[in-house]
Amino acid sequence: MSQSLALVGIGKIARKQHIPSIAAIDGLSLVATASRNRAATVDGAEAFPDLTTLLAARDDVTAISLATPPGARFGDALAALRAGKHVMLEKPPGSTLSEVETLVSEAKAQGVTLFASWHSREAAGVKMARDWLKPRRLTTFRITWTEDVRDWHPGQDWVWSAGNLGVFDAGTNALSVMTAILPAPVHLASATLAFPENRDTPITADLVFDSPAEITAHFDWSQPGDAHWAIEIETTDGAARLTRGGARFETDDGVKVDAEDAEYKRLYANFLALIDVGRLDVDLSPMRHVADAFLLGRRVQVAPFHW
């Protein structure tokens, strides 16, 4: 069944990923948008200043995709669900676990689909890495996820406000891959979080997980130059490496896949498939690790951050 979709939040990620991906999926039509920025419009889609106005004017919309910052997303998601719309959430799905659980309850009550998307899980090498690791005994799983926030969120102060996760905005991508690949769940043992003295969220994070294997993660939002998104995997029967955020997967035997980015196209195809069968997909495991890091983490103050 074809779905008439509205996209809320027309920023950098919406233009680069969401809009072209929606256009590539048969059965999805982008008919409306909502953005506080009146100049943020999309050809062929009716523009509204906010979701409330959109919902009142466009009863024909059947699905809503929310690409707004997590700190401001809950109210829109709840309103969309109560209006009987299927909802897709950009990652991370919210500011707290409790608010996302509220959305799950509302989606079930309304009989609509709620999809908490984790785009990095759709990178070309992730499922291949999971299948490669499954029959092996893990000894080391080392995440290094570094980038320059100035490149990815230029001048966007919201990333530094409480509820918007700081470096975990990027780190949840790595954690979503980790939780998709590891053959058994793990929990956090310790964390060190570095906060700029003038900001409310961390700029770096180092995590250690409780496991017979060595499982660690290093996130850094102050790394100049090209982003470095990699996971090194060592087992008693060989080693493997995911790079480019999971788009490239190689083992001791050579490169297995090195593909172009198609993550968001797969997300929207998944969203449409969930709607067709009347299912929800809300996996909170990556976000639980972030919540645990804030609970367990030792706070270190570092130099102020300025754009």
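What follows is calculated from the coordinates using simple rules that are stated; it is not laboratory data. A quick note: this is a predicted structure, and the numbers were derived from the prediction, not measured. Backbone-built Cβ (ideal geometry, glycine too); neighbour counts: all protein chains shown.
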In the range 159-238, the GluC sites (Glu not before Pro) that fall in loop regions by DSSP, at most 14 other Cβ within 10 Å: GLU197
Debye log10 I(q)/I(0) at q = 0.12 Å⁻¹ for the range 164-229, Cα point scatterers: -0.33
Span-rule helices in the chain, defined as complete DSSP H runs reaching 18 Å or more along the axis (Cα) with Kyte mean at least -1.0: 97-110, 168-181, 263-277
Distance from the range 216-283 to the range 139-177 (C-alpha centre basis), Å: 15
Set of lysines near LYS12 by C-alpha distance (under 30 Å), chain-local residues within fewer than 8 positions excluded: LYS85, LYS91, LYS127, LYS265
Rounded to 5, percent antiparallel among DSSP beta bridges of the chain: 50
Virtual paramagnetic centre 7 Å along Cα→Cβ of ASN37, amide N under 19 Å, in the range 61-83: 65-73
Hz values of 3J(HN,Hα) by residue in the range 144-155 - Karplus curve (6.51, -1.76, 1.60), Gly and Pro given as x: 10, 10, 10, 7, 9, 4, 5, 7, 8, 9, x, x
Rg/Rh for the chain, where both radii come from Cα atoms and Rh is the Kirkwood radius: 0.97
ILE13-THR139 FRET efficiency (beta carbon distance; Förster radius 51 Å; 0.05 resolution): 0.90
The chain - mean residue ellipticity at 222 nm from DSSP helices (-39,500 (n - 2.57) per run, n ≥ 4, rounded to 500): -8500 deg cm²/dmol
Relative compactness, the range 1-56, computed as alpha-carbon Rg over 2.2 N^0.38 Å: 1.06
Where only alpha carbons of the range 176-266 are counted, the Rg and the Dmax (Å): 15.5, 47
Within the range 3-116: Cβ-based charge dipole about Cα centre, in debye rounded to nearest 20 (Lys, Arg +1; Asp, Glu -1): 300
Translational D in µm²/s for the range 3-116 (Stokes-Einstein at 20 °C, 1.002 mPa s, Kirkwood Rh from C-alpha pairs): 154
